[in-house]
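S.K.: I'd like to ask you about the structure that follows.
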């Protein structure tokens with residue numbers, strides 16, 4: 001249930017309405033926008049008479065949210081969520097790129113690529129220290145040594161870090177080194193993990209599952225929001241279909257759908273979506289045109305010898321050229337890269 005307070009509702013009125021809702025057995029989540037305050041009343045009470053709330057002083061309107069996701073719903077929070085990290089604001093008018101290698105392989109590699117990211121004017125360095133691989137024989141990442149290397153490289157060039165967490169017992173370790181936690185597609189519905197991530201005070205980027213519907217994806221985000229972490233970033237990375245000429249089917253239509261249904265920022269990952277570097281630039285350009293709040297791109301100075309996902313990694317010169325192309329597209333749609 002969503003309770004919309006009047007524009008001139010006093011703090012005292014808001015607190016009294018929240019107290020009454022709690023007495024009715026609801027859990028309250030408050031969203032204060034520029035002009036109005038919205039209270040999300042969470043709790044399964046099918047026969048509850050909403051008139052009990054609509055008559056309270058300061059209440060403008062009350063209605064039920066029929067979608068199963070409540071806190072991620074734009075009905076609950078009309079204004080776009082903007083996630084602030086140092087000098088980066090993700091979800092506003094500026095588009096951000098998270099770039100770097102699939103896996104952190106060595107100090108030389110991550111320093112080279114951090115320098116490229118900084119040269120492009122971007123602010124977020126990506127890189128995996130723990131890698132979920134389809135084969136147990138594939139490179140699994142450097143673990144804490146990789147985390148130390150990416151943190152050191154990011155600090156050297158004034159960048160933020162995003163890296164993937166795969167299981168609950170990694171959270172405390174990764175927390176020391178990262179600015180953003182990444183939840184991969186395979187873990188989108190690892191509810192034990194994402195509930196724990198709801199308890200921390202750093203942003204969570206939640207990738208769409210391999211075959212997940214948009215509603216299922218938003219429900220996973222709901223777990224994080226419900227447990228207290230309001231800084232959730234969605235990432236469209238393609239879904240599994242019958243098509244074989246791309247690694248996945250890049251669902252660009254998810255971007256405007258999510259913007260309509262939810263207040264959460266959404267970025268796109270054309271590297272994992274397509275699986276081939278020649279397909280990444282056109283899909284990156286299309287994602288920005290479709291309204292993505294950011295991109296996640298894989299780059300590597302020697303992709304032929306990369307330890308993971310070399311075929312989809314952009315060479316530094318290709319990446320730098322793409323960034324300049326994306327600046328033009330962003331400007332054309334009234335945004336900034």
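The values are calculated or read from the model by the stated rules, or taken from the named source; none is laboratory data. Just so you know, these numbers come straight off a predicted model, no measurement behind them. All Cβ positions, even for glycine, are placed from backbone atoms using ideal geometry, and neighbour counts span all protein chains on display.
S.K.: How many of the residues in the stretch 146-170 are surrounded by 16 or more Cβ atoms within 10 Å (Cβ to Cβ) and part of a helix (DSSP H, G or I)?
M.R.: Qualifying residue count for the region: 9.
Here's the yes/no breakdown for (1) buried (at least 24 other Cβ atoms within 10 Å of the Cβ); (2) under 19 Å from residue 235 (Cα atoms); (3) in the same structural domain as residue 225 (by TED's automatic domain parsing):
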{"position": "263", "(1), (2), (3)": "no, yes, yes"}
{"position": "280", "(1), (2), (3)": "yes, yes, yes"}
{"position": "283", "(1), (2), (3)": "no, yes, yes"}
{"position": "286", "(1), (2), (3)": "no, yes, yes"}
{"position": "296", "(1), (2), (3)": "yes, yes, yes"}
{"position": "302", "(1), (2), (3)": "no, no, yes"}
{"position": "307", "(1), (2), (3)": "no, no, yes"}
{"position": "312", "(1), (2), (3)": "yes, yes, yes"}
{"position": "321", "(1), (2), (3)": "no, no, yes"}
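S.K.: Looking at (1) exposed (fewer than 13 other Cβ atoms within 10 Å of the Cβ); (2) out of contact with any strand residue (DSSP E or B) (no Cβ under 6 Å at 6 or more places or on another chain); (3) at pLDDT 85 or above, which is the only condition residue 46 fails?
M.R.: (3)
S.K.: OK, next. Count, please, the residues in the stretch 180-189 that happen to be crowded, with 19+ Cβ neighbours inside 10 Å and out of contact with any helix residue (DSSP H, G or I) (no Cβ under 7 Å at 6 or more places or on another chain).
M.R.: Taking the stretch 180-189 and keeping what is crowded, with 19+ Cβ neighbours inside 10 Å, we get 180-185, 187-188.
With out of contact with any helix residue (DSSP H, G or I) (no Cβ under 7 Å at 6 or more places or on another chain) added as a condition, the list becomes 180, 182, 184-185.
Adding up the residues that qualify gives 4.
S.K.: Continuing with this model, one more query. Within the stretch 14-28, how many residues are touching a residue at least 24 places away in the same chain (Cβ under 8 Å) and closer than 15 Å to residue 62 by Cα? Show your work before the answer.
M.R.: Of the stretch 14-28, the ones touching a residue at least 24 places away in the same chain (Cβ under 8 Å) are 14, 16-17, 20-21, 24, 26.
Filter once more, so that each one left must be closer than 15 Å to residue 62 by Cα: 14, 17, 20-21, 24, 26.
The qualifying residues number 6.
S.K.: If you don't mind, there's one more thing I want to ask. Restrict the check to the stretch 84-103 and report whether at least one residue is surrounded by 15 or more Cβ atoms within 10 Å (Cβ to Cβ), over 18 Å from the mean Cα position of the chain (by Cα) and more than 19 Å from residue 230 (Cβ to Cβ).
M.R.: Scanning the stretch 84-103, I find at least one residue that is surrounded by 15 or more Cβ atoms within 10 Å (Cβ to Cβ), over 18 Å from the mean Cα position of the chain (by Cα) and more than 19 Å from residue 230 (Cβ to Cβ), so the answer is yes.
S.K.: Now for a separate question. Checking the condition free of Cβ contacts under 8 Å to residues at least 60 places away in the same chain and either surrounded by 15 or more Cβ atoms within 10 Å (Cβ to Cβ) or part of a loop (DSSP other than H, G, I, E, B) (or both), which residue from 222, 243 passes?
M.R.: Details: 222 fails: free of Cβ contacts under 8 Å to residues at least 60 places away in the same chain.
On inspection, the qualifying residue turns out to be 243.
Condition check ((1) part of a strand (DSSP E or B); (2) at pLDDT below 85; (3) touching a strand residue (DSSP E or B) at 6+ places or on another chain (Cβ under 8 Å)) across all residues:
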{"position": "41", "(1), (2), (3)": "yes, no, yes"}
{"position": "92", "(1), (2), (3)": "no, no, no"}
{"position": "97", "(1), (2), (3)": "yes, no, yes"}
{"position": "108", "(1), (2), (3)": "no, no, no"}
{"position": "112", "(1), (2), (3)": "no, no, no"}
{"position": "116", "(1), (2), (3)": "no, no, yes"}
{"position": "122", "(1), (2), (3)": "no, no, yes"}
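S.K.: Consider residue 216 carefully, then state whether it is modelled with pLDDT of 95 or more and surrounded by fewer than 24 Cβ atoms within 10 Å (Cβ to Cβ).
M.R.: On the way: modelled with pLDDT of 95 or more: yes; surrounded by fewer than 24 Cβ atoms within 10 Å (Cβ to Cβ): yes.
So residue 216 fits the description; yes.
S.K.: So if I check each of 278, 179, 201, which one is touching a strand residue (DSSP E or B) at 6+ places or on another chain (Cβ under 8 Å) and either under 26 Å from residue 142 (Cα atoms) or modelled with pLDDT of 95 or more (or both)? Explain how you work it out, then say what you get.
M.R.: Working: 278 fails: touching a strand residue (DSSP E or B) at 6+ places or on another chain (Cβ under 8 Å); 201 fails: touching a strand residue (DSSP E or B) at 6+ places or on another chain (Cβ under 8 Å).
179 is the lone residue from the list that is touching a strand residue (DSSP E or B) at 6+ places or on another chain (Cβ under 8 Å) and either under 26 Å from residue 142 (Cα atoms) or modelled with pLDDT of 95 or more (or both).
S.K.: Which of (1) crowded, with 19+ Cβ neighbours inside 10 Å; (2) within 23 Å of residue 217 (Cβ to Cβ); (3) without any contact (Cβ under 8 Å) to a residue 60 or more places away in the chain is the odd one out, the single condition residue 66 does not satisfy?
M.R.: (1)
S.K.: Scan the stretch 252-262 and tell me whether some residue there is in a loop (DSSP other than H, G, I, E, B) and modelled with pLDDT of 95 or more.
M.R.: Within the stretch 252-262, the subset in a loop (DSSP other than H, G, I, E, B) is 252-253.
Within this subset, residues satisfying the condition of being modelled with pLDDT of 95 or more are 252-253.
Looking for residues that are in a loop (DSSP other than H, G, I, E, B) and modelled with pLDDT of 95 or more, one finds at least one in the stretch 252-262, hence yes.
S.K.: When you scan the stretch 43-62, how many residues do you find that are within 20 Å of residue 73 (Cα to Cα), part of a loop (DSSP other than H, G, I, E, B) and more than 28 Å from the chain's Cα centre (by Cα)?
M.R.: The total comes to 3.
S.K.: From 60, 10, 31, which residue is in contact with a strand residue (DSSP E or B) (Cβ under 6 Å, 6 or more places away or on another chain), surrounded by fewer than 16 Cβ atoms within 10 Å (Cβ to Cβ) and in contact (Cβ under 8 Å) with a residue 24 or more places away in the chain?
M.R.: On the way: 10 fails: in contact with a strand residue (DSSP E or B) (Cβ under 6 Å, 6 or more places away or on another chain); 31 fails: surrounded by fewer than 16 Cβ atoms within 10 Å (Cβ to Cβ).
After ruling out the rest, the residue left standing is 60.
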